[in-house]
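To keep things clear, I will list the structure first and then write my remarks on it.
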Amino acid sequence: MQILIINPNSTATMTRSIAEAARAVASSGVKITAVNPEQGPASIQGPEDGEAALPGLFETFARETRGGDYDAVIIACFDDTGLAELKARSPLPVLGIGEAAFHAAMMLGGRFSVVTTLAVSVPVIEENITAYGFARRCAKVRASGVPVLQLDGPDGQAEGTIRAEARRALAQDGCDVIVLGCAGMADLAASLSGDLKLPVVDGVAAAVGFCENLVRMQRVKAIA
């Protein structure tokens with residue numbers, strides 16, 4: 001099985017981190033390939049960045065899937081940038097890390113809160129949650145105030161800020177699951193879950209798991 005991950009922003013270091021997180025949870029024999037457009041915004045924070053990322057995302061998707069090598073595609077932006085358009089045009093399963101995280105959160109608990117990066121990203125995530133029909137299960141979408149490109153800072157300050165916001169969500173929102181609202185937070189899920197004593201969902205891991213099972217379900221159906 002081969003899964004393609006497209007990071008819609010143009011920051012290659014983030015793409016490598018996403019690939020590492022995906023490979024850490026992928027089953028044996030599943031090949032993960034992660035790419036990003038060469039042009040476009042360095043990070044996606046809000047609707048303007050999302051719109052600016054679409055040409056590069058669509059071109060990258062068309063180029064990478066042209067050969068028919070992949071079984072599924074993951075769009076690795078929590079805003080699910082361009083996801084509806086790509087689902088409509090592709091015969092392959094195409095999952096967004098946002099939608100995958102929300103589905104996983106609802107399987108793990110009753111209500112979830114999202115901890116994302118900047119406040120400008122909150123309306124986009126809230127609109128997606130409503131469009132997916134999940135609004136009643138979402139307690140709150142919270143901004144940590146940490147820009148996307150500072151998530152991998154060497155001083156650990158970003159992690160501490162996100163951890164503090166997750167604690168506030170637990171104390172104030174009445175949630176029993178925390179969703180990390182950015183692909184760049186993928187490596188925080190396990191430690192946060194242990195710290196908070198509740199499920200913490202990373203959308204990259206959730207999307208990889210769902211892709212694997214969707215592909216296997218399709219293969220069983222084809223054989224039958």
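The values are calculated or read from the model by the stated rules, or taken from the named source; none is laboratory data. No experiment lies behind these values; they were computed from the predicted model shown. As a convention, Cβ positions derive from the backbone with ideal geometry for all residues, glycine included, and neighbour counts pool all protein chains shown. Each accessible area value is taken on the protein alone, full model and side chains, heavy atoms only, with ligands, DNA and RNA left out. Shrake-Rupley method; radii C 1.70, N 1.55, O 1.52, S 1.80 Å.
Take the Cα of residue 31, step 7 Å along the line toward its Cβ, and report every residue of region 184-216 whose backbone nitrogen sits under 19 Å from that point. Counting backbone N atoms under 19 Å from the label point, the list is 208-209, 211-213, 215-216. Compute the long axis of helix 47-65 from its Cα atoms, compare it with the longest principal axis of the Cα atoms of the chain, and write down the angle in degrees, 0 to 90, nearest 10. The helix 47-65 is inclined about 30 degrees to the chain. Distance between the C-alpha centres of region 3-41 and region 55-90: 12 Å, rounded to the whole angstrom.
Helix 122-131 and the longest principal axis of the C-alpha atoms of the chain enclose an angle of approximately 60°. The fraction of accessible area contributed by carbon and sulfur in region 113-224 is 55 percent, rounded to a whole number (1.4 Å probe; ligands and nucleic acids excluded).
Partners of residue 31 within straight-line reach, counting aspartates and glutamates whose Cα lies under 15 Å from its Cα and excluding those fewer than 8 residues away in the same chain: 20, 64, 69, 71, 212. The modelled label-to-label distance for the pair residue 172/residue 157, using points 7 Å beyond Cα in the direction of Cβ, is 2.2 nm. For helix 97-108, report the angle its Cα long axis makes with the longest principal axis of the Cα atoms of the chain; keep it between 0 and 90° and round to the nearest 10°. Approximately 60 degrees, to the nearest ten.
Answer rounded, prolate or oblate for region 1-77, using the Cα gyration tensor with square roots of eigenvalues a ≥ b ≥ c: rounded when a/c is under 1.5, else prolate when a/b is larger than b/c, else oblate. Judged from the Cα gyration tensor, region 1-77 comes out oblate (a/c at least 1.5, b/c at or above a/b).
Helical content of the chain, expressed as a calculated mean residue ellipticity at 222 nm, amounts to -15000 deg cm²/dmol (DSSP H runs of 4 or more residues, -39,500 (n - 2.57) each, divided by residue number, nearest 500).
Taken over the alpha carbons of the chain as equal point scatterers, the Debye sum produces base-10 log I(q)/I(0) values at 0.08, 0.09, 0.16, 0.18 Å⁻¹ of -0.26, -0.33, -1.07, -1.35.
Treating only the Cβ atoms of Lys and Arg (+1) and Asp and Glu (-1) as charged, compute the dipole magnitude of the chain about its Cα centre; round to the nearest 20 debye.
Values: 19 positive and 25 negative charges, 161 e Å.
Dipole size: approximately 780 debye.
Please list 185, 1, 217 in order of solvent-accessible area, largest first, computed with a 1.4 Å probe with all protein chains present. Mind dumping the intermediate values first?
Working: 185 0, 1 40, 217 120 Å².
I get 217, 1, 185, largest accessible area first.
Here the simple spin-label model places points 7 Å from the Cα toward Cβ, and for residue 134 and residue 89 these points are separated by 2.5 nm.
Where only protein heavy atoms count, and the probe is 1.4 Å, what is the accessible area per residue for the chain in Å²? Intermediate results must be reported in sequence, preceding the final value.
Numbers: 10130 Å² over 224 residues.
Per-residue value: 45 Å².
Its residue count N fixes a reference of 2.2 N^0.38 Å for region 135-202, and the Cα radius of gyration divided by that reference is 1.05. Straight-line cross-link partners of residue 140 among the aspartates and glutamates, defined as a Cα under 17 Å from its Cα and at least 8 positions apart when in the same chain: 79, 99, 126, 127, 165, 173, 176, 202.
Available extension along the chain between residue 120 and residue 108 is 1.6 nm, counting 0.36 nm per residue and deducting the alpha carbon span.
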